[in-house]
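The structure under discussion appears below in the form of structure tokens.
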Amino acid sequence: MSSTETPLTDSGAVSSRTDIRNLAIVAHVDHGKTTLVDAMLQQSGAFGAHEEVVERVMDSGDLEKEKGITILAKNTSLVWDDKASGEKITLNIVDTPGHADFGGEVERALTMVDGIVLLVDSAEGPLPQTRFVLRKALARDLPVILAINKIDRPDARTAEVVDEVYELFFDLDAREDQVEFPIVYCSGRDGWATLDLDEAHAIVKGEITGKDLTPFVNVLLESIPAPTYTEGAPLQAWVTNLDSSPYLGRLALLRIMEGEIKKGQSVAWCKVDGTIGRAKIAELFLTEHLERVPVNSARQGDLAAIAGIEDIFIGETLADLEHPVALPLITVDEPALSMTIGINTSPLAGREGKKLTARLVKARLDQELIGNVSIRVLPTERPDAWEVQARGELQLAILVEQMRREGFELTVGKPIVLTKEIDGKVHEPVERVTIDVPDEYLGAVTQLLATRKGRMQNMGGSGWVRLDYLVPARGLIGFRTQFMTETRGTGIISHIFEGYEEWAGEIRARAQGVLVSDRMGPVTNYAMINLQDRSAMMVKAGDDVYEGMIIGENSRAGDMDVNICREKKQTNVRASSSDETVKVTPPKLLSLEGALEFISVDECVEVTPHNIRIRKVELDPTIRARAAKRVNNELKAEAEAKG
């Protein structure tokens, strides 16, 4: 039987499971998704009397805890006692990332659910990621509940934010029935919710006490439809995510669309290439609170996990052996940036990491492809380096950071945008940028964006100004560091992919050159003292450097080779102790994200478990000089040809 045929049914009657709801909580970064889920878990009794209550329990990864963001979409389950019906209803909640670079996780999560909670900060209002997730939800025709969170913020402007959300719905061409959404006002941190704005204001003022999240959950039960299925339809289970277990190997996370799946059952495995194989369910799990619990069977509407199929991928289908019907493959938006990742080729390679070979790097990148639907890995001209394509800088930086913590040593190139040819012309990705900044820095920010080909779309507010811009994606590479410097760390910036436009012309991101070490050896204080007046140093005394390694930022345009290992020559004329004491300026140490933003096209980043170094792609200064001369001659010839 073809994998695209309609499944056979006994009765064809459509039924629903009223004892379960599947929903996703989506929002912009730091609008309180994870905190709200924490409060729901606590109030449902997910934590036992003797269990420690952990904040942001859903952000379980080390990087998620350190950066304070959600990177991977995760699901939890809680049982809520519905006093109106007397039933106990299971809520399967998917907590999704709020950063635009992890939009693939959001899109994948939306395939698992029947409705969403759109969480919006009462002061910041809808931002670019809010637009992104809402557009995806409306495209899938998912019902929306609007939750205005952080209602107790002193700068809350709740009524205006609600109006802005309505404007966003209209801007996204939502249907009339989609705009008629319920509104809940809540404080995830304090664990209360209400449907009445006046009551919310009274709670904030302390006139009455906020109770709990029951009003919020009641709206969920009324507005999020129960999973529906066809009576008698054969098994269809959609693989929406992958995980791993040290004991069971690869786990496939499923949304069971039709039928029932059992432990030990043999099923049809509908693969991404269109072929159909046979597989056996070795283990079957359902999520209870934060733990996976082994079960013997799961049915329509459940979010289950299975073990026993090592080569299964996201988007594939497990179906009935007699009637194998494949569900659509899960697709996400195309990548916008690419970066070269290869083995460490510096003279200091092999000192820190344990995973150094091209075979290990390629195996790790292939492993990332299994569970990450939004990246691509392509070969390059070199056998020890690969082009990795992704949504944005942060997603690429997270991958590299994870690899360095696993013991890899890598050479990472500058992120570049992926262009398209449309009607014979080169088009590049453009980002919609939203900036909140004190008005005293307005001029500096608009000047920065103008040099990066930004076009202002809207401006409003007083005291704090909100700017909406369209900026070429390559113009945002390295922008965040300059932006934070110009605004003294007070500005807030967020952006998301908007579309493709014609190439906007040359953008010069870095005006200054760099200082490059001309030899190998340890950095000395004496050399730094002589160089620090003309540069911002990026190394400290005692650090090992090598020829071609970047050790500082030049105060002028153009690169300069310097001897950072120079020692003071001692003579019998005077003792070194009689010298004046000179203070060495602390170095400017870059994070991985900062290094990727800083480098130019002829530079790369050396990443090891304990160090991040910036270097020239070509370490030999003679070869670099020849290449620079050749480029200058080509530019000169091109200018003369133009007249």
Legend entry - V133 vs. criteria in a helix (DSSP H, G or I), modelled with pLDDT of 90 or more, assigned by TED's automatic domain parsing to the domain that holds K33 and within 19 Å of H28 (Cα to Cα): no
Legend entry - Hits in the range 514-547 (condition: under 23 Å from A628 (Cβ atoms), in contact with a Pro (Cβ under 7 Å, 6 or more places away or on another chain) and of a type outside the set (D, E)): M520, M538, Y546
Inset, instruction - Look at the range 235-258 and say how many of its residues are touching a residue at least 12 places away in the same chain (Cβ under 8 Å), assigned to a loop (DSSP other than H, G, I, E, B) and over 20 Å from L329 (Cβ atoms). - result: 1
Inset, instruction - Any chance you could count how many residues in the range 64-111 are at pLDDT 75 or above and either among the charged types (D, E, K, R) or more than 19 Å from the chain's Cα centre (by Cα) (or both)? - result: 13
Legend entry - Subset of the range 123-133 [in contact (Cβ under 8 Å) with a residue 40 or more places away in the chain and touching a helix residue (DSSP H, G or I) at 6+ places or on another chain (Cβ under 9 Å)]: E124, G125, P126, P128, Q129, T130, R131, F132, V133
Legend entry - Entirely in the range 442-553, the strands (runs of 3 or more DSSP E) that have 1 or more residues that are surrounded by 17 or more Cβ atoms within 10 Å (Cβ to Cβ): 464-472, 492-502, 514-517, 535-537
Legend entry - Residue selected from the range 260-288 under the condition surrounded by fewer than 19 Cβ atoms within 10 Å (Cβ to Cβ), out of contact with any Phe, Trp or Tyr (no Cβ under 8 Å at 6 or more places or on another chain) and in contact (Cβ under 8 Å) with a residue 40 or more places away in the chain, by the criterion farthest from L329 (Cα to Cα): E288
Inset, instruction - Taking the options E124, E167, E176, name whichever one is over 23 Å from L23 (Cα atoms), of a type outside the set (F, W, Y) and surrounded by fewer than 19 Cβ atoms within 10 Å (Cβ to Cβ). - result: E167
Inset, instruction - Looking for whichever is under 16 Å from the mean Cα position of the chain (by Cα) and either outside the structural domain of V465 (by TED's automatic domain parsing) or touching a residue at least 40 places away in the same chain (Cβ under 8 Å) (or both) here; the options are L360, L418, L369. Which one fits? - result: L369
Legend entry - Index of the failed condition, T451 passing every other in (1) out of contact with any helix residue (DSSP H, G or I) (no Cβ under 9 Å at 6 or more places or on another chain); (2) of a type in the set (S, T, N, Q); (3) more than 15 Å from H495 (Cα to Cα): (1)
Legend entry - Cβ pairs under 6 Å, 6+ apart, first in the range 468-494 and on the phi > 0 side of the Ramachandran plot and in the same structural domain as V437 (by TED's automatic domain parsing), second part of a helix (DSSP H, G or I) and not small (G, A, S): G478/E597
Inset, instruction - Within the range 398-434, track down each residue that is surrounded by 22 or more Cβ atoms within 10 Å (Cβ to Cβ), touching a His at 6+ places or on another chain (Cβ under 7 Å) and under 15 Å from E334 (Cα atoms). - result: E431
Legend entry - Selected residue (criterion: nearest to F497 (Cα to Cα)) from residues of the range 375-397 that are polar (S, T, N, Q) and surrounded by fewer than 21 Cβ atoms within 10 Å (Cβ to Cβ): Q389
Inset, instruction - Find the residue count for the range 286-320, including only residues that are at pLDDT below 90, of a type in the set (A, V, I, L, M, F, W, C) and assigned to a loop (DSSP other than H, G, I, E, B). - result: 5
Inset, instruction - Look through the range 328-345, keep the residues that are of a type in the set (A, V, I, L, M, F, W, C) and not in a loop (DSSP other than H, G, I, E, B), and return whichever of them is modelled with the lowest pLDDT. - result: L337
Legend entry - Subset tally (residues that are touching a Ser or Thr at 6+ places or on another chain (Cβ under 9 Å) and either farther than 30 Å from P383 by Cβ or not small (G, A, S) (or both)) for the range 335-354: 9
Inset, instruction - Please state which one of K211, K280, K271 is closer than 27 Å to D19 by Cβ and either of a type in the set (D, E, K, R) or in the same structural domain as W192 (by TED's automatic domain parsing) (or both). - result: K211
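The values are calculated or read from the model by the stated rules, or taken from the named source; none is laboratory data. What you see is a predicted model; the values in this text were computed from it and never measured. Glycine gets a Cβ as well: all are built from the backbone with ideal geometry, and neighbour counts include every protein chain shown.
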